[in-house]
């Protein structure tokens with residue numbers, strides 16, 4: 001455990017140092033934020049390294065390597081040192097002004113980073129749910145000097161999914177120098193830390209516009225709101241306790257599958273089960289986006305009715321439009337749902353501003369063009385290599401039972417409506433043009449959250465799951481609704497001290513207190529059940545489970561990781577999704593002929609390829625010297641053939657002597673062996 005502590009400390013310091021590469025530029029830019037932009041540092045530093053590598057590698061330059069990443073870091077370091085030396089007096093003044101908020105953000109980040117790193121030590125396995133997929137993407141990026149990266153589960157094809165977050169994760173694996181199976185767990189902790197920090201930044205930024213809110217109230221509300229963001233559940237556990245009179249029988253996943261044939265997850269559940277999906281990576285972008293969107297909107301609000309010259313527009317909101325558009329573009333390649341959802345947020349916010357204020361039309365048109373172009377430019381490396389398999393929007397034929405919706409969302413909706421009503425009251429009575437934007441923004445947040453909760457009751461995006469047609473749509477929309485409602489709750493907590501008369505303050509305060517206690521019951525059950533009561537600490541090695549259950553296969557994988565370069569094709573047994581099949585490609589990043597079948601069906605929009613390759617792989621293992629098998633081995637350019645426990649499980653009558661004669665046996669341990677073929 002002590003060794004893991006130093007790993008977490010060392011990697012956390014590296015994250016902090018990477019933030020330091022860009023923080024001088026951010027702080028001097030003087031964002032109109034209480035923390036002066038400090039909260040942007042870690043994600044901005046990450047992107048400052050990742051984006052040059054991403055774009056150049058997608059142009060065919062072999063820069064997605066250890067050397068390429070460190071060259072970018074050194075260039076940033078040189079520029080940052082020169083800039084810092086030149087602007088140090090001003091930087092010191094900014095740091096002093098923002099000190100309370102910076103300290104709070106640092107404490108929250110480190111608490112989150114250490115907390116989840118420690119918790120993952122009780123169940124570190126990169127196994128279960130879709131962890132194979134997430135690890136496989138990152139392992140593949142580590143073996144891909146140029147991009148797009150090949151699909152680890154479909155040799156000959158590139159990835160056809162939104163995986164920019166996984167690419168960013170692979171960068172930390174290079175910088176840290178830690179094994180991927182260890183880095184996986186550290187990356188989860190990194191996202192929790194960023195979510196805590198980002199939530200605090202958004203909440204305190206919204207509160208900072210209301211001058212009556214004290215510093216203590218801002219810090220308290222920001223901290224409590226961020227804790228709610230990563231630990232709070234929905235209202236279903238409390239309903240279960242009230243109706244049953246006991247907590248016995250409550251299982252934490254029930255809160256995410258309460259409505260039949262749907263999914264309604266939230267950040268706390270995602271952190272507990274620890275899949276590194278697109279929506280999890282996207283939280284690191286969503287929170288800065290909301291913060292940037294509010295800054296942009298507050299500046300838009302100040303534009304006079306008569307309009308301004310183009311030069312002035314660029315100075316005030318043009319560069320913010322670039323950042324907003326760029327972030328939307330990043331979301332497209334990280335979790336495409338995020339671009340649709342927060343693009344809708346931007347449209348609703350702009351539309352309501354035009355309708356209610358009747359000004360700024362030309363400015364909004366200008367901003368719309370800038371946002372659109374910026375988003376397209378940033379998303380283009382992913383967009384031009386992505387083949388959409390969407391089957392469009394359909395009308396819902398099965399809606400949720402109203403009582404179940406009430407059980408799930410009562411607490412959050414009550415908090416959001418309360419915050420919205422308070423914002424509406426303050427907006428009506430405010431004559432301060434600097435405070436009006438935040439009240440308007442909170443009202444629009446309420447509209448957006450309710451819209452996201454309601455939309456899955458009317459429409460859904462069709463996918464390959466006929467028995468759960470709207471599950472993914474509800475999942476992605478309500479996940480973001482949860483985030484927005486928690487941010488509103490944090491703002492409400494901070495604004496309570498300004499409410500008058502006293503009875504309103506007490507009523508709102510009582511509602512908030514009940515809500516906080518209720519929803520924070522969830523993590524107790526989640527972490528207890530998923531992590532085995534936190535009884536046995538196992539360490540951060542996500543592959544330890546394989547070493548225990550399949551030691552020979554584990555040794556074979558280690559051999560491949562040590563002795564292969566690039567992405568040669570490895571043959572392994574084909575199996576179903578959500579199983580431990582495809583473990584070779586998953587943990588090595590090598591491409592295999594076919595991995596998880598249903599996932600390839602989802603990514604390709606058809607089961608034809610998966611169906612065909614399933615039989616072809618079977619043929620090779622059972623009759624390796626038949627002409628058909630030889631043809632397929634050559635067609636897929638198979639260099640390594642892996643035979644281990646899963647191959648013997650899938651093909652009990654596999655031809656061991658025949659497989660060994662296909663090439664040279666380069667690894668053998670008990671019944672597990674690897675054959676290397678000569679390839680062109």
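Rule-based calculations on the coordinates, nothing more; no lab input. The structure presented is a predicted model; accordingly, all values stated were derived computationally and were not measured. Glycine also receives a Cβ, built like all others from the backbone with ideal geometry; neighbour counts cover every protein chain displayed.
Segment 466-493 and segment 1-43 have their alpha-carbon centroids 28 Å apart. Using Cα atoms only, what is the angle between the long axis of helix 551-563 and the major principal axis of the chain, expressed in degrees (0 to 90) to the nearest 10? The helix 551-563 is inclined about 80 degrees to the chain. Taken as Cα centroids, segment 105-151 and segment 584-608 sit 19 Å apart, rounded to the nearest whole angstrom.
Assuming 0.36 nm per residue, please report the length gained on full extension of the stretch residue 358 to residue 246 beyond their Cα-Cα distance. Don't skip to the answer; put the middle values down first.
Numbers: separation 112, 0.36 × 112 = 40.32 nm, distance 5.48 nm.
So the extension gain works out to 34.8 nm.
Kindly provide log₁₀ I(q)/I(0) values, in the same order as q = 0.14, 0.24, 0.29, 0.34 Å⁻¹, from the Debye equation applied to equal alpha-carbon scatterers of segment 314-360. Normalising to I(0) and taking log10 leaves -0.41, -0.89, -0.99, -1.06.
So what are the chain's ellipsoid semi-axes, whole angstrom, largest first, if each one is the square root of 5 times an eigenvalue of the alpha-carbon gyration tensor? Walk me through the numbers before you get to the answer.
Details: eigenvalues 401, 159, 119 Å².
So the equivalent ellipsoid measures 45, 28, 24 Å along its semi-axes.
Compared with the dominant principal axis of the Cα atoms in the chain, helix 66-97 is inclined by about 20°.
Per-peptide packing, taken as the mean over residues of other Cβ atoms within 10 Å, places 403-416, 553-566 in the sequence 403-416, 553-566 from highest down. Ordering of 604-610, 429-435 by packing is 604-610, 429-435, highest average first (other Cβ atoms within 10 Å, averaged per residue). Rg and Dmax, both from the Cα atoms of segment 208-332 and both in Å, are 20.6, 65. For residue 660 and residue 365, the difference between the fully extended length at 0.36 nm per residue and the C-alpha to C-alpha distance is 99.6 nm. Modelled spin-label separation between residue 261 and residue 404, with each label point placed 7 Å from Cα along the Cα-to-Cβ direction: 1.0 nm. Two numbers describe the Cα atoms of segment 544-680: Rg and Dmax, which are 13.9, 40 Å.
Could you work out Rg/(2.2 N^0.38 Å) for segment 1-105, with Rg from alpha carbons only? Walk me through the intermediate numbers first.
Values: Rg = 15.7 Å, N = 105, 2.2 N^0.38 = 12.9 Å.
Compared with the compact-globule rule of thumb, segment 1-105 sits at 1.22.
Computed on segment 544-676, with alpha-carbon pairs under 8 angstrom and 6+ residues apart, the relative contact order is 27 percent. Report, to the nearest 10°, how far helix 361-383 tilts away from the longest principal axis of the Cα atoms in the chain, using its own Cα long axis and a range of 0 to 90°. Result, in degrees: 20.
Whole angstrom only: what separates the Cα centroid of segment 257-304 from the Cα centroid of segment 338-381? Using only Cα atoms, the two centres lie 18 Å from each other.
Using a simple spin-label model with pseudo-atoms 7 Å out from Cα toward Cβ, residue 396 and residue 457 lie 0.7 nm apart.
Highest average first, the peptides 26-36, 325-335, 246-256 ordered by how many other beta carbon atoms sit within 10 Å of their residues are 325-335, 26-36, 246-256. With Cα atoms as the point set, segment 83-131 shows a radius of gyration and Dmax of 18.5, 52 Å.
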